[in-house]
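A short worksheet on the structure shown next.
The values are calculated or read from the model by the stated rules, or taken from the named source; none is laboratory data. Everything numeric here is computed off the predicted structure, so don't read it as measured data. Because the Cβ atoms are built from the backbone with ideal geometry, glycine has one as well, and the counts that use them run over all protein chains shown. The protein model used for the area step is the full one, side chains on, heavy atoms only, and it has no ligands, DNA or RNA in it. Shrake-Rupley method; radii C 1.70, N 1.55, O 1.52, S 1.80 Å.
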Amino acid sequence: MTPESQRLALVVASSQFSDKTLQQLVAPGQDAADLARVLADATIGGFKVKKLINCPSHEVRREIEVFFTGRRRGDLLLLYFSGHGVKDDDGRLYLATTDTRRGLFRSTAVPATFVNETMTASRSRRQVLILDCCHSGAFARGMVAKGGESVDIRDRFEGRGRVVLTASNATQYAFQGDEVIGKGSRSVFTQHLVRGLETGEADLSGDGWISLDELYDYVYDRVTDERPQQTPGKWTFDLQGDMLIARSLLGRREPAAEEARLAAQYAEGIGALTAGQWERALRCFERLEAERPGYRDAAEQVARMHRLIAAMEQTTPPPSPGLRPSTLPEEGRRPRSRRPRPGRLPEE
């Protein structure tokens, strides 16, 4: 980052809607306030932050354009949106605002195409877009989402030097699961986003900085542990180098402290394996092997867990929870889906 570059964040949240078919939400306002506070903290994010809470569509569009206009290539720009994401009959994505009307999305909501075009026109090549919202079908019970499972993030928000994080996919409701009626709850995605930054726990490498890749991995593991039906997503477009989002309040960890952390993570994996929590154990060992290749027998455990899970999927009845991975057959493995890794797009 050059001395002239800036760290700027625009935090947008919509929880109150004039259209009664759009469910009222309680999470976005507080989520936005918490994230804005952590990003603006000079000891953590060091961003200059502007908040837009429950504003009409024309004001949100104007502020988004102002935010991305007149920037330098090295400026780090972070745009966060919390609220409803809705699709029209043709599958086009819109971000709902207080004045959004069902059937009038073009004139009363913020089109994803507008956001994409505005970001593309900006000179900044270090852009982050975070969407903590339901992407389709959540504002009316029983409405069928169009456009498949992925909300076509590559088509909606592709650009140079850009990273897009989403709380969930096209068919998931990020705040209340499948229930759209009743009171909303706090978003687990933004809660863990804030916690990882505020505590420094998202600094997985222990180097004193939290990169965007580390933050995503931290949030992904905790969201899927807490709500397996919700799957955060990450897409990277032509990004050069790491994007450092915040300093870690834990600071650079000394070798002894780092070894203790790795040992605790290894023990967590062994504990999950012993308890028969195969998916959790696999995530622990995969993360450990990615952070410290060759650490203990993490790679061997990953290979064993793949064989175990494949055998459980193929065997009827499934293997007993007490069966050790080393006793399972080597053959008959099926590839299992994996979450998108940094720098890679999900396969169609």
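The lone criterion from (1) closer than 24 Å to N116 by Cα; (2) in contact (Cβ under 8 Å) with a residue 24 or more places away in the chain left unmet by I44 is number (1). Just to verify a result, which residue in segment 262-287, among those that are closer than 22 Å to R227 by Cα, within 25 Å of the chain's Cα centre (by Cα) and among the aliphatic types (A, V, I, L, M), is surrounded by the fewest Cβ atoms within 10 Å (Cβ to Cβ)? For segment 262-287, the residue satisfying everything is A272. Of all residues in segment 117-155 being open to solvent by 10 Å² or more (accessible area, probe 1.4 Å) and closer than 20 Å to V66 by Cα, which is modelled with the highest pLDDT? This residue is T118.
Residues that are in contact (Cβ under 8 Å) with a residue 24 or more places away in the chain and within 24 Å of H306 (Cβ to Cβ) occur in segment 245-264; there is at least one.
Could we say that I245 is within 17 Å of A202 (Cα to Cα) and open to solvent by less than 70 Å² (accessible area, probe 1.4 Å) here? So I245 passes the test. F114 meets each of the listed conditions (1) on the phi > 0 side of the Ramachandran plot; (2) surrounded by fewer than 21 Cβ atoms within 10 Å (Cβ to Cβ) apart from (1). Looking only at segment 69-94, which residues are hydroxyl-bearing (S, T, Y) and in contact (Cβ under 8 Å) with a residue 24 or more places away in the chain? Answer for segment 69-94, where residues must be hydroxyl-bearing (S, T, Y) and in contact (Cβ under 8 Å) with a residue 24 or more places away in the chain: T69, Y80, S82.
When L249 is tested against (1) in contact with a Gly (Cβ under 8 Å, 6 or more places away or on another chain); (2) closer than 29 Å to A42 by Cβ; (3) at pLDDT below 85, only condition (3) is not met.
Among the residues of segment 95-106, the ones that are without any contact (Cβ under 8 Å) to a residue 40 or more places away in the chain and either under 21 Å from F237 (Cα atoms) or open to solvent by 30 Å² or more (accessible area, probe 1.4 Å) (or both) come to 3 in all. Report whether or not V66 is part of a strand (DSSP E or B) and either touching a Lys or Arg at 6+ places or on another chain (Cβ under 6 Å) or surrounded by fewer than 18 Cβ atoms within 10 Å (Cβ to Cβ) (or both). Spelling it out, it is not the case that V66 is part of a strand (DSSP E or B) and either touching a Lys or Arg at 6+ places or on another chain (Cβ under 6 Å) or surrounded by fewer than 18 Cβ atoms within 10 Å (Cβ to Cβ) (or both).
Residues that are of a type in the set (K, R) and surrounded by 18 or more Cβ atoms within 10 Å (Cβ to Cβ) within segment 23-63 comprise K51, R61, listed in sequence order.
Scanning segment 7-41 for residues that are at pLDDT 95 or above and assigned to a loop (DSSP other than H, G, I, E, B) yields a count of 1. Exactly one residue among D225, D213, D238 is modelled with pLDDT under 90, open to solvent by 20 Å² or more (accessible area, probe 1.4 Å) and closer than 18 Å to V163 by Cβ, and that residue is D238.
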